[in-house]
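Undergrad: Encoded as structure tokens, here's the structure I'll be asking about.
The values are calculated or read from the model by the stated rules, or taken from the named source; none is laboratory data. Here the structure is a predicted model, which means the values were calculated and not measured. Methodologically, a virtual Cβ is constructed for each residue, glycine included, from the backbone with ideal geometry; neighbour enumeration extends over all protein chains shown. Keep in mind that these areas ignore ligands, DNA and RNA; they rest on the heavy atoms of the full protein, side chains included. Shrake-Rupley method; radii C 1.70, N 1.55, O 1.52, S 1.80 Å.
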Amino acid sequence: MAEVKVKVQPPDADPVEIENRIIELCHQFPHGITDQVIQNEMPHIEAQQRAVTINRLLSMGQLDLLRSNTGLLYRIKESQNAGPVSFFLSKMKGSDNQEKLVYQIIEDAGNKGIWSRDIRYKSNLPLTEINKILKNLESKKLIKAVKSVAASKKKVYMLYNLQPDRSVTGGAWYSDQDFESEFVEVLNQQCFKFLQTKAETARESKQNPMIQRNSSFASSHEVWKYICELGISKVELSMEDIETILNTLIYDGKVEMTIIAAKEGTVGSVDGHMKLYRAVNPIIPPTGLVRAPCGLCPVFDDCHEGGEISPSNCIYMTEWLEF
């Protein structure tokens, strides 16, 4: 496939969205989070903007600043630790018990959401009444409806301030519930091109073989930064997204990965470890079974009969069988 390059600048981060994401992380890790955790979750946010947001949350009394053996920790204040409900209860004034029940059911579903059918089952309310309550809660911006990639004609409901789980939106690989196969292919090409260039530069350095080999490695953060600077993505990509693409290159036999120890706070490190990748030339061509598309498919978990993605309509599976 020919390389496709579309120069699109990523949108500026919304300060409110950054605040909500940090608070959400604090709820996920009630014992506290480090700045490195925030950086790994939001690598596209500049250090200055991250610091401004954290200082604002501290000044508003939503976070506590603690010191531990690993450094500074940010923890949600006890008054905020009851979760999003405490923030929204003021808007629930005047609501009847049925509306509060539906809200509680949706809250319990978290960021994976819940279908109206399941709300009906758990609440034992008539469908007409549930639809009326859902519309009312949506109008108050207490909840929102999100289309799920698992079922194109169904919507799931979740609290308004939650970021939908990747299992609902499909992550960066989906746009309006359609799998962006060309986008994945372009990322695959560009990641491999970056690693190839890194390897060629190392070989041309004329250093001893060990130095050449070590110089040919690049961290997932370096690859992520290169992809972001290209501007080929309309959505913000995380290092986890890039590592998913790099994994497909590993399964193809084009790239190898190694894990090294890294100092705390090193960019791209997680729990004192860092993943490094380099382009390689396969010694022998892979066998037919290894070429099976399922092993390297980034949406393998979403593939099932009757869904938007299934073995029966997978063009890659058809091509492999013909091979």
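Undergrad: Within the bounds of the stretch 224-247, is there any residue that is among the acidic types (Asp, Glu), open to solvent by less than 70 Å² (accessible area, probe 1.4 Å) and at pLDDT below 90?
TA: Yes.
Undergrad: Test each condition in (1) at negative phi; (2) modelled with pLDDT of 85 or more; (3) surrounded by 12 or more Cβ atoms within 10 Å (Cβ to Cβ); (4) under 31 Å from the mean Cα position of the chain (by Cα) for residue 129 and report the one that comes out false.
TA: In the conditions (1) at negative phi; (2) modelled with pLDDT of 85 or more; (3) surrounded by 12 or more Cβ atoms within 10 Å (Cβ to Cβ); (4) under 31 Å from the mean Cα position of the chain (by Cα), residue 129 misses (4) alone.
Undergrad: Moving on. Just one of the numbered conditions (1) outside any helix (DSSP H, G or I); (2) under 18 Å from residue 45 (Cα atoms); (3) open to solvent by 80 Å² or more (accessible area, probe 1.4 Å) is not true of residue 206; which one?
TA: (2)
Undergrad: Moving on. Return only the number of the condition from (1) under 29 Å from residue 197 (Cβ atoms); (2) modelled with pLDDT of 80 or more that residue 283 does not satisfy.
TA: With respect to (1) under 29 Å from residue 197 (Cβ atoms); (2) modelled with pLDDT of 80 or more, residue 283 is out only on (2).
Undergrad: Keeping to the stretch 16-43, report how many residues are touching a helix residue (DSSP H, G or I) at 6+ places or on another chain (Cβ under 9 Å), open to solvent by less than 70 Å² (accessible area, probe 1.4 Å) and either assigned to a loop (DSSP other than H, G, I, E, B) or at pLDDT below 80 (or both).
TA: 3
Undergrad: Filter the stretch 53-68 for residues that are surrounded by 14 or more Cβ atoms within 10 Å (Cβ to Cβ) and not basic (Lys, Arg) and give the result.
TA: Within the stretch 53-68, 53, 54, 57, 58, 62, 63, 64 qualify.
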